[in-house]
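> First, the structure itself, so that you have it in front of you.
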Amino acid sequence: MNSASRIVRAALLLAVAAGARGQEVKERDLRVRPAPEDPARASAAVPRGYALVVGIGKYGKLDASENLRFPESDAEAVYRILISQQGGAFPAENVHRLIGADATLANLRRELEVWLPSVALEADRVVVYFAGHGLIKGGRGYLAPYDVDANHPESSGYPMDLLGKVLAEKVRARWKVLLTDACHSGKITPETTDDAVDAQFSQLPKTFLTLTATREREKSYEDPALSTGFGLFSYFLVQGLQGNADSSPCDGLITADELIEYVRGEVKRYARQRGVSQTPNERGDFDPNMILGVGAACASGGAPAAVSLGSIVVEVNLDGVEVYVDDKLVGTVDQGKPLAVPGLATGPHTVRGVRKGYEPDTKEVMVVPGQQRPVTLRIQYVREYKRSSIDLVERGEKLLFKRTATINPLAAYTPGRQSEKDLREARELFTRALAEDPRYAKAAYDLALAHQLLSAPKESLAAFRRAIEADPAYVEARVQCAGALIEEGDPDEAIRQLTEALRLEPGNDVAHSHLARAFLDKGVWDRALEAAEKALALKENNDQAQLWRADALRHAARYEQAAGGYRTYLRLTEFSTPAHEKLAYYFVGFGLGSRRHADRQASYASQRSMALNGLCDCEHKLGLLLRAEDSCRKALRYDPGDAISYFLLGSVYRDLFIRTKSRDNAVAARASYARMIEINPHLELSRNAKNYIEQFDQILARLK
């Protein structure tokens, strides 16, 4: 074999090696992030869970008179309690939502017949919740998706018997629960009656728990005076999972038997008090000790063997007062419209009313078994803070947000370039301000930012939480707290904070953008893409959302679209564009840059490097090798010590050598891989780099 043939053969071997390792390269990230949860590490007490939550109130093809008021908000409440640590304890990425217009027949089929069977293992628990209409035609029952056609449910509805078959035969989980609220006396078809719908549920397989909102000859009721406005079944389902169902024994775990007993008893009691009849009904052969939720009230032990229940009725003197019971939102109350909060465990509870701009009012109330206790909250004092505290915060902000005389817009518009002395002084001023007035949420928020810039992440998170405790409606504090949680490797709690922030302010594009980043850290590309696109729908030039969207697209192997997204991000963050004025928000403290950087200049450089690396990877995958080389080299200008940049660059030169047989490209590839190993020999990709170096050593020896 002559020299040229040996070189071509070596090049082909490199190409085969690149293809064989392509999956590894495709799935690696451009920054070190936490790995998805290892199923083997899941708690033995609380199995890993997957859930599908569906709520449809307004239907696309039904008469307006047949719409329902609360299924969509009920479903959102069920979602929030399922992902809560003190609730269902489901990882957020494992709970899929189909709300309103998203709950089409096609989406229902995808989630039920493809997603759930593909992810749930035998040791897992699976919950399917449906709130909406059920209907009957030709003796067959259907769940009504958003796009149901009442004249043709056989082709536009989801058959109940198929749902039963999927759960019984395709979903492998040991613990499976179907929760349905579908009997609303809607005469959508001539055959549709509450009895007929309920009878269809009674025919489902007995191999899993089915808990329906009613029994035979009953309808399911909604009550606008119940918390935020709820269906009775869903309200007590949420209350039960919050811990109120934990009764026998009271051990911090909510079992199937406990939840059924609680929901059935409380719905029946509440309905009877209002002159109607509704009794939830369970069916199927299931483990009564199946764990469906985690509570906190009894986890410390020493609790009674059973927990009796009572209720409170909250009255306020102003409109728009948000009411929290034991730090959990239960609803918004208006003057003259009392808020009923039934189903509370006997004992002391803290009730707080919050209205923006006013001092909150907090009452301690003792809930008594079988009794309804009135609670009057008076929101009467405009929120004012001590002048001394305000002065200290203003002095601190002059140091924290110090502006310098410069033509660099990044320095002119953002904090973080100050001296450490300035930041320490600002931190001291904010600390003193909080000591002067502990209610001053802005002081706690600014203190959190100062801690971030001084690389004190634990103290920063504590200050953010203090700001949220002082003002639960402080959306910006929740959003920035979520950003700090992401940086500290806790995307799950970040998602919970962002979910609450978006409940308070659904149009917050930054919250959606942060949510995208949190799901990226969880390795859930589709949810990251969904959140990023919601952020961009709200604000097209949200550069962070562009970056996270591009990252999600790249991981989904949609390289051309991802490359366009990276280029858009890079254009938006050029100093020469008006977009630089937004950087003040994004590069406060750690912002959402690399965890290695606390100041905004380094965060900016890190994110530009991240985008250029992503662009290099996409161009490489698309065969645009010269453009990929340029992008990787630009990334190294921002972060000369990034090992991943050198690996990507080495792979580009490797493929250029395969294409051109140029010795210069072989030398450049070997040098790039060697530099990557020199920077970080412990990365998984370093093993690949070592293999490539060995092959290039052989090739270069022949080329001499």
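The values are calculated or read from the model by the stated rules, or taken from the named source; none is laboratory data. Keep in mind it's a predicted model, so treat the numbers as computed, not measured. Backbone-built Cβ (ideal geometry, glycine too); neighbour counts: all protein chains shown.
> How many residues are modelled with pLDDT under 65 and within 21 Å of GLN371 (Cα to Cα) when one looks only at segment 267-302?
1
> I'd like the full set of residues that are surrounded by fewer than 22 Cβ atoms within 10 Å (Cβ to Cβ) and of a type in the set (Ser, Thr, Tyr), limited to segment 416-475.
Answer for segment 416-475, where residues must be surrounded by fewer than 22 Cβ atoms within 10 Å (Cβ to Cβ) and of a type in the set (Ser, Thr, Tyr): SER419, THR431, SER455.
> So, one more: For the subset of segment 112-130 comprising residues that are of a type outside the set (A, V, I, L, M, F, W, C) and in contact with a helix residue (DSSP H, G or I) (Cβ under 7 Å, 6 or more places away or on another chain), which member is farthest from SER73 (Cα to Cα)?
By that ranking, first place goes to PRO117.
> Please indicate, with yes or no, whether at least one residue in segment 58-69 is over 30 Å from ALA144 (Cβ atoms), polar (S, T, N, Q) and either modelled with pLDDT under 85 or in a loop (DSSP other than H, G, I, E, B) (or both).
No.
> Just one of (1) among the aliphatic types (A, V, I, L, M); (2) surrounded by fewer than 21 Cβ atoms within 10 Å (Cβ to Cβ); (3) under 26 Å from THR207 (Cα atoms); (4) at pLDDT 90 or above trips up LEU253, so point out which.
Just one mismatch for LEU253, condition (4).
> Give ILE81, ILE136 a once-over and let me know the one that is more than 22 Å from GLU493 (Cβ to Cβ), in contact with a helix residue (DSSP H, G or I) (Cβ under 6 Å, 6 or more places away or on another chain), in the same structural domain as PRO224 (by TED's automatic domain parsing) and β-branched (Val, Ile, Thr).
Sole residue among the options that is more than 22 Å from GLU493 (Cβ to Cβ), in contact with a helix residue (DSSP H, G or I) (Cβ under 6 Å, 6 or more places away or on another chain), in the same structural domain as PRO224 (by TED's automatic domain parsing) and β-branched (Val, Ile, Thr): ILE136.
> Which condition does TYR146 not pass, out of (1) modelled with pLDDT under 95; (2) closer than 14 Å to ILE56 by Cβ, if it passes all the others?
That leaves (1) as the condition not met.
> On the basis of being modelled with pLDDT under 95 and within 22 Å of GLU322 (Cα to Cα), does VAL510 make the cut? Spell out the reasoning first.
Numbers: modelled with pLDDT under 95: yes; within 22 Å of GLU322 (Cα to Cα): no.
No.
> If a residue must be in contact with a Phe, Trp or Tyr (Cβ under 7 Å, 6 or more places away or on another chain) and closer than 28 Å to SER388 by Cα, how many such residues does segment 477-495 contain?
3
> Let me ask you something else. Checking LEU615 against (1) at pLDDT below 95; (2) over 25 Å from ILE495 (Cα atoms); (3) assigned to a helix (DSSP H, G or I), which test does it fail?
The single condition LEU615 does not satisfy is (1).
> Given the criteria part of a strand (DSSP E or B), modelled with pLDDT of 85 or more, of a type in the set (A, V, I, L, M, F, W, C) and surrounded by 15 or more Cβ atoms within 10 Å (Cβ to Cβ), does LEU52 qualify? Break it down into steps so the answer makes sense when it comes.
Numbers: part of a strand (DSSP E or B): yes; modelled with pLDDT of 85 or more: yes; of a type in the set (A, V, I, L, M, F, W, C): yes; surrounded by 15 or more Cβ atoms within 10 Å (Cβ to Cβ): yes.
Criteria met by LEU52.
> Also, I was wondering about something else. Within segment 206-228, restricting attention to residues that are surrounded by fewer than 17 Cβ atoms within 10 Å (Cβ to Cβ) and not hydrophobic (A, V, I, L, M, F, W, C), which residue is farthest from the chain's Cα centre (by Cα)? If you could, list the steps in order and put the result at the bottom.
We begin by selecting, within segment 206-228, every residue surrounded by fewer than 17 Cβ atoms within 10 Å (Cβ to Cβ); these are 206-207, 216-217, 224-225.
Keeping just the survivors that are not hydrophobic (A, V, I, L, M, F, W, C) gives 206-207, 216-217, 224.
Numbers: LYS206: 33, THR207: 31, GLU216: 38, ARG217: 39, PRO224: 28 Å.
The qualifying residue farthest from the chain's Cα centre (by Cα) is ARG217.
> Which residues, counting only those in segment 122-155, are outside any strand (DSSP E or B), of a type in the set (Ser, Thr, Tyr) and closer than 24 Å to LEU237 by Cβ?
Within segment 122-155, just TYR146 meets the criteria.
> Could you list, ordered by first residue, the pairs with Cβ atoms under 8 Å in which the first is in segment 61-77 and touching a residue at least 40 places away in the same chain (Cβ under 8 Å) and the second is of a type in the set (Asp, Glu), at least 6 apart or interchain?
LYS61/ASP147; LYS61/ASP149; LEU68/GLU222; ARG69/GLU222; PHE70/GLU222; PRO71/ASP181; ASP74/ASP181
> In addition: Restricting to segment 660-704, what's the tally of residues that are over 23 Å from LEU625 (Cα atoms), in a helix (DSSP H, G or I), of a type outside the set (D, E, K, R) and free of Cβ contacts under 8 Å to residues at least 40 places away in the same chain?
2
> Among the candidates VAL128, VAL95, VAL114, VAL148, which residue alone is surrounded by fewer than 16 Cβ atoms within 10 Å (Cβ to Cβ), in the same structural domain as VAL54 (by TED's automatic domain parsing) and either within 25 Å of PRO47 (Cα to Cα) or hydrophobic (A, V, I, L, M, F, W, C) (or both)?
Numbers: VAL128 fails: surrounded by fewer than 16 Cβ atoms within 10 Å (Cβ to Cβ); VAL95 fails: surrounded by fewer than 16 Cβ atoms within 10 Å (Cβ to Cβ); VAL148 fails: surrounded by fewer than 16 Cβ atoms within 10 Å (Cβ to Cβ).
So the residue among VAL128, VAL95, VAL114, VAL148 that is surrounded by fewer than 16 Cβ atoms within 10 Å (Cβ to Cβ), in the same structural domain as VAL54 (by TED's automatic domain parsing) and either within 25 Å of PRO47 (Cα to Cα) or hydrophobic (A, V, I, L, M, F, W, C) (or both) is VAL114.
> Return the only residue of ALA92, ALA106, ALA42 being over 14 Å from PHE130 (Cα atoms), modelled with pLDDT under 85 and out of contact with any Cys (no Cβ under 8 Å at 6 or more places or on another chain).
So the residue among ALA92, ALA106, ALA42 that is over 14 Å from PHE130 (Cα atoms), modelled with pLDDT under 85 and out of contact with any Cys (no Cβ under 8 Å at 6 or more places or on another chain) is ALA42.
> Out of segment 303-334, which residues are modelled with pLDDT of 80 or more, outside any strand (DSSP E or B) and either at positive phi or within 26 Å of the chain's Cα centre (by Cα) (or both)?
GLY320, ASP326
Quick grid of which residues meet (1) closer than 25 Å to PRO91 by Cα; (2) at pLDDT 95 or above; (3) surrounded by fewer than 19 Cβ atoms within 10 Å (Cβ to Cβ):
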site	(1), (2), (3)
LEU515	yes, yes, no
VAL524	yes, no, no
ASN541	no, no, yes
GLN544	yes, no, no
ARG554	yes, yes, no
SER594	yes, no, no
ALA598	no, no, no
GLN601	no, no, yes
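> Got a number for residues in segment 313-328 being surrounded by fewer than 20 Cβ atoms within 10 Å (Cβ to Cβ) and under 14 Å from VAL354 (Cα atoms)?
9
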